[in-house]
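The values are calculated or read from the model by the stated rules, or taken from the named source; none is laboratory data. All values reported here derive from a predicted model rather than from experimental measurement. No Cβ is skipped: glycine too gets one built from the backbone with ideal geometry, and neighbour counts run over all protein chains shown. For the accessible areas, the whole protein counts, side chains as well, though only heavy atoms, and no ligand, DNA or RNA atoms are used. Shrake-Rupley method; radii C 1.70, N 1.55, O 1.52, S 1.80 Å.
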Amino acid sequence: MAVAIGCYVLAVIAGMFFLVDGVGTVVQILLWIVHGMLLVALIRKLGARESSAGAALFIVLTSAMGVYVASVARDDLTLQQRGDQVTATVVKEWRDPAQGRKARDYNYELQHQDGTRVPGRALKSPSDSFDVGQAITVIEDPEGELRPQTPGQADATGDALGAGALALAALSAVGWMTWRGSDAAKRRDDGKPSTTVRKVYKTVTRNHTTLLEQEEELREALRTYPADRRGYIKVPPERYPDISQQRAARIAWEMGLRAEAVGNRGSWRFGETVVEEVPHE
């Protein structure tokens with residue numbers, strides 16, 4: 001399942017990369033939303049239900065950023081392959097209009113030495129790099145589809161590495177959620193150690209109580225332990241090594257309480273209302 005989800009994520013990144021110039025922004029947003037919803041369903045099949053929405057959002061965002069950076073790298077490579085390196089003169093300079101906190105880039109209209117205009121849109125730079133009348137070396141697109149750029153701007157190495165890093169981050173999130181849904185993680189989240197750890201714990205603490213005795217002790221704790229300021233009764237799970245969190249949730253449910261699934265930080269928490277309830281046996 002994890003390998004299938006990883007392949008699906010890469011397929012979506014590749015598909016959106018080829019569609020980025022062929023469909024409008026609204027269609028792209030709708031496709032990313034559908035992709036995110038499918039990811040939530042797939043990640044839940046890995047067993048990590050409580051973090052599926054956050055993980056899916058992270059994967060969608062990193063994938064979308066990776067597609068954008070990859071498209072920039074593709075334009076740079078295209079400009080390098082079919083562009084011509086020329087010397088041009090800056091004839092006009094202006095900044096982008098103010099849009100909230102968005103950075104205002106500098107735009108430069110360029111002209112050949114013979115007085116003809118450099119094809120394509122204006123050269124863009126995040127800083128005030130040139131002055132009117134200055135002669136600079138740029139790579140121009142003979143077809144006029146791409147902006148002219150300086151040789152340093154047209155280097156696609158950094159963009160290609162950035163796109164790869166973002167795709168790797170998306171796949172890493174899949175791997176993380178796979179671990180979260182694994183049996184080992186479930187035992188860790190449930191507060192129920194493995195069989196070997198339970199035996200060692202019982203030997204060290206001389207806790208030789210049976211499962212029924214532990215369940216009765218848990219019921220007594222839920223009846224007598226005071227609630228904290230948030231209304232939770234905190235119980236240390238290590239005192240009940242043979243009880244899973246699902247079984248503890250069932251015992252609490254029989255007593256009119258619910259087990260909290262998130263934010264326990266090493267304890268079991270029970271209350272009348274919870275953020276996310278642990279499914280009980």
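Observations on the structure shown:
- Some residue of region 79-90 being within 29 Å of the chain's Cα centre (by Cα) and open to solvent by 50 Å² or more (accessible area, probe 1.4 Å): no
- Residues of region 126-166 satisfying the condition of being part of a loop (DSSP other than H, G, I, E, B) and of a type in the set (D, E, K, R): ASP128, ASP131, ASP141, GLU143, GLU145, ARG147, ASP155
- Looking only at region 207-236, residues that are touching a Pro at 6+ places or on another chain (Cβ under 9 Å), closer than 16 Å to ARG250 by Cα and of a type outside the set (A, V, I, L, M, F, W, C) come to 1 in all.
- Restricting region 107-142 to residues that are within 30 Å of SER63 (Cβ to Cβ) and of a type in the set (D, E, K, R), the residue that is surrounded by the most Cβ atoms within 10 Å (Cβ to Cβ): ASP141
- Single residue of region 22-46 satisfying the filter (touching a Ser or Thr at 6+ places or on another chain (Cβ under 7 Å) and not basic (Lys, Arg)) that is surrounded by the most Cβ atoms within 10 Å (Cβ to Cβ): ILE43
- Condition met for ALA53 (at negative phi and surrounded by 13 or more Cβ atoms within 10 Å (Cβ to Cβ)): yes
- Any chance ASP76 is under 34 Å from the mean Cα position of the chain (by Cα) and more than 30 Å from VAL278 (Cβ to Cβ): yes
- Condition met for SER244 (under 30 Å from ILE5 (Cβ atoms), surrounded by fewer than 19 Cβ atoms within 10 Å (Cβ to Cβ) and either in contact with an Asp or Glu (Cβ under 6 Å, 6 or more places away or on another chain) or modelled with pLDDT of 85 or more (or both)): yes
- Test result for ILE251, at pLDDT below 90 and either touching a helix residue (DSSP H, G or I) at 6+ places or on another chain (Cβ under 8 Å) or among the hydrophobic types (A, V, I, L, M, F, W, C) (or both): no
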